[in-house]
1. Applying the selection to segment 66-84, what residues are at pLDDT below 90 and β-branched (Val, Ile, Thr)?
2. Looking at segment 102-117, is at least one residue in contact with a Pro (Cβ under 8 Å, 6 or more places away or on another chain), within 16 Å of Gly156 (Cα to Cα) and at pLDDT 90 or above?
3. Given (1) surrounded by fewer than 17 Cβ atoms within 10 Å (Cβ to Cβ); (2) of a type in the set (A, V, I, L, M, F, W, C); (3) in contact with a Ser or Thr (Cβ under 9 Å, 6 or more places away or on another chain), where does Ile184 come up short, assuming only one miss?
4. Do we have Gly129 as loosely packed, with under 13 Cβ neighbours inside 10 Å and either in contact with an Asp or Glu (Cβ under 6 Å, 6 or more places away or on another chain) or in contact (Cβ under 8 Å) with a residue 60 or more places away in the chain (or both) here?
5. Looking only at segment 96-120, count every residue that is buried (at least 16 other Cβ atoms within 10 Å of the Cβ), of a type in the set (Ser, Thr, Tyr) and not in a loop (DSSP other than H, G, I, E, B) and tell me the total.
6. Checking the structure you have, find out if any residue of segment 75-87 is in contact (Cβ under 8 Å) with a residue 12 or more places away in the chain, charged (D, E, K, R), closer than 23 Å to Ala59 by Cβ and assigned to a strand (DSSP E or B).
7. Can you confirm whether segment 40-63 contains a residue that is at pLDDT below 85, in contact with a helix residue (DSSP H, G or I) (Cβ under 6 Å, 6 or more places away or on another chain) and not assigned by TED's automatic domain parsing to the domain that holds Met174?
8. Being within 25 Å of the chain's Cα centre (by Cα) and small (Gly, Ala, Ser) is the filter here; which residues of segment 47-74 pass it?
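The values are calculated or read from the model by the stated rules, or taken from the named source; none is laboratory data. As the structure is a prediction and not an experimental result, all values here were calculated from the model. Here the Cβ positions follow ideal geometry from the backbone for every residue, glycine too, while neighbour counts run over all protein chains shown.
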Amino acid sequence: MTRYADPYVPNLVPSLVAGDSSMLELERFLAEELDRISIAIQQTAVMAAYGALYVSEPAAVQTVGTTHEIIVGWDVIAPLEPNRTAPNATTNNITMSESGVYYFSFTASINVSADIFDFELFRNGAGTGVRGVVDPSNQTDSVVVAFSGPATITAGDVVDVRARVTAGTGDITMISGAFTLFRISELHRGDPVPI
């Protein structure tokens, strides 16, 4: 059986009496406590990881069919120095550098043809179930599509947003948009300790 390391609980301060040995004992005690506190922080802190892709200028018209296709047209990486992620506006995806549970958000103002569009977050070419649907009610109009949710990610995974229509083909023009993510939890809580 494996359990995770116990949370930090301070040790009792040693009884001290005047003299050099008491100072040495106090120094040893403080050094051990600082080591234990440092380990406890490492085991419980979630290290920040974030990145985003944006559309700042209207993208070219993209035609999609009934199978999910990667949304293209991203032209800005944000922030300028993403943390533990690698957004790529050329390949229209984000490569994840570290494992964890991430919160994803996609929001876009788009011009669409008169079709029902299904947008979904994909991980390594497979749908995650984090999705949104837009039905412009048989008119070609500008609509806002937005969806968000958590997904478990492993280091090296590649994530992107894809779209499809329910029948035939449909046109999408992204006027503005944001595909953002940030880590909300790491996949572990400290190092396993055998018992």
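1. Of everything in segment 66-84, those that are at pLDDT below 90 and β-branched (Val, Ile, Thr) turn out to be Val76, Ile77.
2. yes
3. Tallying (1) surrounded by fewer than 17 Cβ atoms within 10 Å (Cβ to Cβ); (2) of a type in the set (A, V, I, L, M, F, W, C); (3) in contact with a Ser or Thr (Cβ under 9 Å, 6 or more places away or on another chain), Ile184 fails exactly one: (3).
4. No.
5. 4
6. Scanning segment 75-87 turns up no residue that is in contact (Cβ under 8 Å) with a residue 12 or more places away in the chain, charged (D, E, K, R), closer than 23 Å to Ala59 by Cβ and assigned to a strand (DSSP E or B).
7. No: segment 40-63 contains no residue that is at pLDDT below 85, in contact with a helix residue (DSSP H, G or I) (Cβ under 6 Å, 6 or more places away or on another chain) and not assigned by TED's automatic domain parsing to the domain that holds Met174.
8. So in segment 47-74, the residues within 25 Å of the chain's Cα centre (by Cα) come out as 47-57, 59, 67-74.
If the condition is that a residue be within 25 Å of the chain's Cα centre (by Cα) and small (Gly, Ala, Ser), then Ala48, Ala49, Gly51, Ala52, Ser56, Ala59, Gly73 are the ones that fit.
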